[in-house]
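Asker: After the structure tokens below, expect a handful of questions from me.
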Amino acid sequence: MALEKVKARCPRLSLDSLGIKAGDTLTCSRDEALTATVVSGGKVDFQGEVLSLSAAALKALHGVGYKTSAASGSKYWMFDGELLNERRRNVELDQFCKII
């Protein structure tokens, strides 16, 4: 029930709303040699597979030795040196400040 409340408050991450388009490159925060290319539908091409951000993050983390069973993609992928999670907060803050 608590998880449902959190999901209701935080809508799914939209790369388009963050100014990230198909063809853009994301970098893994744990190993900047690992990159993923954004494709349509909010997915990325990582090592030849089209995956969600979270699945790609999990695969990247496993590739560098982490044993985690789940990963939030926005906490591990970066665009222009900024974590997607941070970028989302900044975009939302900008939108909120424009309303006030």
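The values are calculated or read from the model by the stated rules, or taken from the named source; none is laboratory data. Remember, it's a predicted structure, so these values are computed and weren't measured experimentally. Note that we place each Cβ from the backbone using ideal geometry, even for glycine, and neighbour counts take in every protein chain shown.
Asker: Counting only residues that are surrounded by fewer than 13 Cβ atoms within 10 Å (Cβ to Cβ), charged (D, E, K, R) and in a loop (DSSP other than H, G, I, E, B), which one in region 8-29 is modelled with the lowest pLDDT?
Answerer: R12
Asker: Name the single residue that is farthest from L18 (Cα to Cα) among those in region 36-75 being part of a strand (DSSP E or B) and in contact with an Asp or Glu (Cβ under 6 Å, 6 or more places away or on another chain).
Answerer: Looking at residues that are part of a strand (DSSP E or B) and in contact with an Asp or Glu (Cβ under 6 Å, 6 or more places away or on another chain), I get T37.
Asker: Could you tell me whether region 68-75 includes any residue that is hydrophobic (A, V, I, L, M, F, W, C), modelled with pLDDT under 95 and touching a Phe, Trp or Tyr at 6+ places or on another chain (Cβ under 8 Å)?
Answerer: no
Asker: Looking only at region 52-73, count how many residues are touching a helix residue (DSSP H, G or I) at 6+ places or on another chain (Cβ under 9 Å) and buried (at least 19 other Cβ atoms within 10 Å of the Cβ).
Answerer: 6
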